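Below you'll find the structure, written out as structure tokens, and then a few comments.
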Amino acid sequence: MNIFLTGATGFIGQNLVRQLRGQGWNVTALVRDPAGEPAQWLTAMGCRLARGDVAQAESLAQTLAGTDVLIHNAGVYELGATREQRSRMQVANVQGTDRILQAAHAAAVPRTVYVSTVWALGGSGNRVANETRHHGGHYLSPYEKSKAEAHQIALRWRERGLPLAIAMPNAVIGANDHSVWGYFLRLYLLHLLPPMAWARDTVYTLVDVEALAEGLARMAEQAPMGEDYLFCGPPQSIGAVFDHWGRHPGGFRHRVWLPHGLMRLQFMFMEPLQRALGIPAFMSRETVDATTVHLNYSAAKAQRELGWRHPTATAMWDRVIGQELALMQGRRGLLGKLRHQPVAIGRANHQEPLGQPASSAGSR
């Protein structure tokens with residue numbers, strides 16, 4: 001099978017490349033810089049490189065010729081984003097989705113899988129929700145807004161005749177995660193997470209990145225075009241997540257649960273400090289706002305129709321924490337251990353080192 005993959009150098013993309021290549025499929029990865037370290041890693045994994053950018057995809061129709069499946073996974077995720085980052089998100093997530101799907105339509109690609117997010121459907125409400133839910137139009141972050149707009153663009157291309165299936169993962173968890181969850185986990189493992197937290201009862205159905213990669217591969221091979229699939233793990237409150245972390249040595253385990261407003265005020269002053277240190281503003285007002293709704297979605301359809309399975313929450317966190325600790329051992333300095341690295345390689349990911357670890361495009 002010939003796969004054309006966008007977002008291959010990102011957090012989800014790297015795990016997806018391992019899954020696709022492990023199945024013996026041919027992978028062509030769209031990259032902006034073929035000489036960069038992430039692209040070198042893709043080449044070492046046996047991928048063919050195609051130089052380009054989803055936001056400038058007008059000429060990609062010819063490149064897509066001979067593709068069996070396009071997996072559009074590229075995107076920009078950021079909470080606590082600066083004005084420049086917000087603009088970049090809009091271009092990559094909205095314009096990029098429109099242009100790559102336009103190219104797939106022009107090239108008559110027979111199967112396309114678009115990696116959206118549960119945020120495109122909005123908060124789940126107080127009950128378990130499924131693929132039929134629609135966004136209410138109130139956005140808690142520019143990221144959510146951009147992905148909701150991109151999702152609607154994908155639906156319009158499907159109406160125009162593009163054979164398209166849409167994947168909607170919940171918050172994606174794994175070692176070397178560049179999201180809020182990854183940074184807070186590494187802060188905990190570095191014994192630096194303070195005893196204060198918030199939103200103890202907010203429920204997410206966090207998805208393991210390796211399980212997600214396996215689910216996306218199943219979609220590429222067997223999902224009926226025109227269908228949507230949620231990829232979610234078991235429901236966990238934020239309090240339960242901290243309990244899972246507390247089974248491993250790290251920061252304070254007993255927490256004072258503060259109201260959203262107080263955390264938002266504290267994080268407002270921490271945003272510029274984090275940027276000055278060269279790390280994302282993961283402690284941000286947008287991070288707090290994102291926990292004011294539940295994301296309690298069900299993956300029953302993917303389990304039923306694709307045969308997809310997800311590990312237990314305990315098994316997921318034990319694996320992720322073990323891999324994260326292994327990666328951190330090879331990094332120098334406090335900030336070096338805290339930062340996401342563009343390519344996570346070494347013992348934690350069963351790959352031989354290829355120089356310093358390396359980007360983080362991908363939908364959340």
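Report the one residue of 140, 192, 82 whose Cα lies farthest in the direction of the positive end of the charge dipole of the chain (charges on C-beta: Lys and Arg +1, Asp and Glu -1; origin at the Cα centre).
Ranked along the dipole, the leading option is 192.
As a test, work out the antiparallel percent of DSSP beta bridges whose residues both lie in the chain, rounded to the nearest 5.
Just about 10 percent of them are antiparallel.
Sort region 257-298 into rounded, prolate or oblate with this rule: let a ≥ b ≥ c be the square roots of the eigenvalues of the Cα gyration tensor; rounded if a/c is under 1.5, and if a/c is not under 1.5, prolate when a/b is larger than b/c, oblate otherwise.
Because a/c hits 1.5 or more and a/b fails to exceed b/c, region 257-298 counts as oblate.
Using a 1.4 Å probe and counting only protein heavy atoms, arrange 228, 98, 208, 33 so the residue with the most accessible area comes first.
33, 98, 228, 208
Round to a whole number: what % of the accessible area of the chain belongs to carbon and sulfur, probe 1.4 Å?
52 percent
Can you sort 83, 158 by solvent-accessible area, 1.4 Å probe, largest first?
I get 83, 158, largest accessible area first.
Using a 1.4 angstrom probe, figure out how much accessible area region 176-229 has per residue, in square angstrom, rounded to the nearest whole.
In whole numbers, region 176-229 has 29 Å² accessible per residue.
Computed over the Cα atoms of the chain, what is the ratio Rg over Rh, Rh following Kirkwood?
0.94
Residues with amide H under 5 Å of residue 207's amide H, sequence separation 5 or more or different chain, H placed in the peptide plane at 1.01 Å from N; which?
Counting only residues 5 or more places away or on other chains, the set is 170, 171, 172, 173, 233.
Could you work out the per residue convex hull volume over the alpha carbons of region 194-303, in cubic angstrom?
147 Å³
Residues of region 70-116: accessible area per residue at 1.4 Å, in Å²?
37 Å²
For an R0 of 41 angstrom, estimate the FRET efficiency from the Cβ-Cβ distance between residue 159 and residue 262 and round to the nearest 0.05.
Plugging the Cβ-Cβ distance into 1/(1 + (r/R0)^6) gives 0.35.
Would you please classify the overall shape of region 225-284 from the alpha carbon gyration tensor, given that a ≥ b ≥ c denote the square roots of the eigenvalues, rounded means a/c under 1.5, and beyond that prolate means a/b larger than b/c while oblate covers the rest?
Verdict is oblate for region 225-284.
P(r) for region 122-178, please, calculated from all Cα pair distances in 5 Å bins and given in %.
Binned Cα distances yield the sequence 4, 13, 21, 24, 19, 13, 5, 1.
What is region 1-50's relative contact order, in percent, from Cα pairs under 8 angstrom and six or more apart in sequence?
39 percent
Can you give me the solvent accessible area of residue 198 with a 1.4 Å probe, rounded to the nearest 10 Å²?
The accessible area comes out at roughly 30 Å².
Looking at region 36-176, what % of the alpha carbon pairs are farther apart than 21 Å?
Result: 48 percent of Cα pairs exceed 21 Å.
The values are calculated or read from the model by the stated rules, or taken from the named source; none is laboratory data. In this text the structure is predicted, and so the values were computed from the model without any measurement. Note: ideal-geometry Cβ built from the backbone for every residue, glycine included; neighbour counts use all protein chains shown. Surface areas here come from the heavy atoms of the whole protein model, side chains and all, with no ligands, DNA or RNA. Shrake-Rupley method; radii C 1.70, N 1.55, O 1.52, S 1.80 Å.
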